[in-house]
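No value in this document is a laboratory result; all are computed from the given coordinates. Since the structure is predicted, the reported quantities are computational estimates derived from the model, not experimental observations. Positions of Cβ are backbone-derived with ideal geometry, glycine not excepted, and every protein chain shown enters the neighbour counts.
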Amino acid sequence: MEDTDSAQPEELRELLAQRVEVQRADLADRYLAILRESLFSNRAQVRPSILKSIASEEADALLNFLRQSGFSGAARGEVLHQAGFNAGAILKLGQVTRQFLLNHLENRQIAPMLVLVDVYQEAVIEGFVQSIDKEQLIELERVRNALQRGES
């Protein structure tokens with residue numbers, strides 16, 4: 001008897017990529033709804049006019065991750081931070097991704113899908129946090145330079 005629970009990772013990636021590609025507009029709409037919902041809890045620099053573009057890019061980033069095994073979500077996390085989104089919005093995007101994919105899978109595919117999506121989401125969050133850290137270091141350097149100029 002063949003073990004169907006250990007679906008081949010590449011086969012699962014391709015299956016998920018096909019589902020995302022076919023239902024891309026629906027996924028982007030779901031992302032857009034979450035981004036709109038969290039708009040006022042984000043930093044002031046998030047412009048409502050960019051939300052549709054960000055939602056579409058998020059669907060593309062997920063598709064790229066599924067299609068390219070070496071693709072990392074870290075750059076995506078950095079982009080989302082630079083655009084002004086907060087951690088709550090990032091976590092909600094991940095939740096939407098999981099819910100969307102759950103609707104399109106059989107029971108035996110759910111556990112491997114969750115592992116795969118978690119890898120992507122962890123990379124997005126890592127990039128997001130690294131961007132925050134980088135921003136804080138830049139700000140600390142500005143303060144240090146300002147204090148040094150004040151002492152002179």
Listed residues L63, L137, L27, most fluctuating in the chain (Gaussian network, C-alpha, under 10 Å): L137
Folded to 0 to 90 degrees: helix 9-22 orientation relative to the chain principal axis, Cα: 80
Residue-count net charge about G150 - beta-carbon cut-off 13 Å; Lys, Arg +1, Asp, Glu -1: +2
Cleavage-rule hits (GluC sites (Glu not before Pro)) in the stretch 56-152: DSSP loop, at most 12 neighbouring Cβ within 10 angstrom: E106
Principal-axis tilt of helix 74-83 within the chain, Cα atoms, nearest 10 degrees: 50
Contact order relative to length of the chain, as percent, for alpha carbon pairs under 8 angstrom and 6 or more apart: 30
Degrees separating the helix 107-151 axis from the principal Cα axis of the chain, which is the longest one: 10
